[in-house]
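Notes to accompany the following structure.
Every number here is computed from the coordinates shown, using simple stated rules; none is lab data. Since we're looking at a predicted model, the values are computed, not measured. When we count neighbours, we look across all protein chains shown, and the Cβ atoms used for this are built from the backbone with ideal geometry, even at glycine.
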Amino acid sequence: ARFCEGRVFSVYHSIVSDPKDFHDKYADYVRGKDFTSRMPLFVKPSKLLTLDDITNAMSSHYEKTPLDWSNDVGAGMYHVPYRPRPLVWKYEEEYYCNERPIGTQQTGWNFIAVVRPTMPPPLQAILWFGVDDTSTSPRYPVYASSTEVSSAYGGVGTQDGNPSPLLDFDISKAFWVQNMVSNFAYARWEQIYPVINEKRRSIQEDFVTRMVHMDDHALKLYESGNIDAAVNSVTDF
């Protein structure tokens with residue numbers, strides 16, 4: 001409950017209509033104090049969830065929940081919501097744990113999938129894809145019909161029978177750039193993270209604005225019968 005369902009609790013707590021009631025019912029469960037009041041398998045959101053809602057949920061370090069560890073003794077003077085591993089350790093015959101938040105330094109890649117039923121099939125699904133920590137990395141939109149991806153995110157890999165050199169630093173790859181940025185923040189979180197988060201939001205807002213024009217252009221191509229041209233245009237985007 002503490003490691004896995006704690007993250008579920010964080011998401012549910014952020015989207016239900018009465019967060020306080022949800023907290024009161026299930027906080028002791030996710031803290032491992034009361035396993036009789038189990039969380040439901042799913043909840044009904046208080047409203048239609050937006051890209052911003054899911055972005056915020058996937059950036060969680062248990063803020064505003066009983067598992068928020070940005071103010072305990074391990075957080076230091078900069079209120080860092082990260083701890084060195086392992087998750088569990090033993091001291092004088094007692095077991096202790098670090099929390100496992102959604103936003104974590106050990107993330108390889110992450111995405112938010114958006115499905116738009118009103119659009120034609122090649123334009124319906126958008127994958128907002130990011131690499132490294134979900135709370136610090138910006139995501140960029142990839143149309144599901146795209147036939148290629150940016151070289152910053154792609155390359156020869158295991159699917160080609162050539163294992164990727166994961167530990168070889170490459171400034172041309174998005175992962176390494178975003179990993180550097182997140183690592184700058186970990187030591188002085190309270191000062192640096194607000195700057196990163198604001199920049200990340202502005203990048204996402206810019207992509208959303210640009211997608212409005214891309215959608216309009218691709219939709220006109222699709223409706224005129226130029227489906228291949230529509231796919232090519234969103235791939236280039």
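Relative contact order of region 35-143: 20 percent, from C-alpha pairs under 8 Å at least 6 residues apart in sequence. Applying the criteria of a DSSP loop state and at most 12 other Cβ atoms within 10 Å to the GluC sites (Glu not before Pro) of region 60-168 yields Glu92, Glu93, Glu148. Look at the Cα gyration tensor of region 122-237: its axes a ≥ b ≥ c give a/c of at least 1.5 with a/b at or below b/c, and that counts as oblate.
Electrostatic bookkeeping for Asp34 treats Lys and Arg as +1 and Asp and Glu as -1; over the other residues with beta carbon under 14 Å from its beta carbon, the sum is +2. Legend: residue pairs Lys64/Lys199; Lys44/Lys64; Lys173/Lys199; Lys90/Lys173; Lys33/Lys90, Cα-Cα distance threshold 29 Å; pairs beyond threshold, Lys90/Lys173. Compared with the dominant Cα axis of the chain, that is its longest principal axis, helix 5-15 is turned about 60°. The phi-based Karplus calculation (6.51 cos²θ - 1.76 cosθ + 1.60; θ = phi - 60°) puts the 3J(HN,Hα) values of region 26-33 at 10, 4, 5, 5, 6, 8, x, 9 Hz, whole numbers, x for Gly and Pro. Put simply, the amide H of Ala125, placed in the peptide plane, has neighbours under 5 Å in Arg116, Ala144, leaving out anything fewer than 5 places away on its chain. A straight chain from Ala187 to Thr147 at 0.36 nm per residue would run longer than the Cα-Cα distance by 10.5 nm. Is the shape of region 94-174 best called rounded, prolate or oblate, per the rule: a/c under 1.5 gives rounded, else a/b larger than b/c gives prolate, else oblate, with a ≥ b ≥ c the square roots of the Cα gyration tensor eigenvalues? Oblate, since a/c reaches 1.5 and b/c is not below a/b. Taking each DSSP H run with n ≥ 4 as -39500 (n - 2.57) and averaging over every residue of the chain yields -12500 deg cm²/dmol at 222 nm.
Shape class for region 156-212: oblate, because the ratio a/c of the largest to smallest gyration tensor axis (alpha-carbon atoms, square roots of eigenvalues) is 1.5 or more and b/c is at least a/b. Which angle from 0 to 90°, rounded to the nearest 10, does the C-alpha axis of helix 227-236 make with the longest principal axis of the chain? That helix lies at roughly 50 degrees to the long axis. Would you mind checking the tilt of helix 189-223 against the longest principal axis of the Cα atoms of the chain, expressed as 0 to 90 degrees and rounded to 10? Computed tilt is about 30 degrees. On the beta carbon distance between Phe169 and Leu87, with R0 = 30 Å, the FRET formula returns roughly 0.65. Computed from backbone phi, the HN-Hα couplings of region 63-74 come to 4, 6, 10, x, 9, 4, 10, 7, 10, 8, 5, x Hz, rounded to whole numbers (Karplus: 6.51 cos²θ - 1.76 cosθ + 1.60, θ = phi - 60°; Gly and Pro given as x).
3J(HN,Hα) couplings calculated from phi for region 128-145 with the Karplus curve 6.51 cos²θ - 1.76 cosθ + 1.60 (θ = phi - 60°) are, in sequence order, 8, 9, x, 10, 6, 3, 5, 8, 10, 8, x, 9, 10, x, 10, 5, 4, 8 Hz; Gly and Pro show x.
Of (1) 18.2, 65; (2) 17.3, 56; (3) 20.7, 73, which is the value of Rg and Dmax of the Cα atoms in Å derived from the coordinates here? The value matching this structure is (3).
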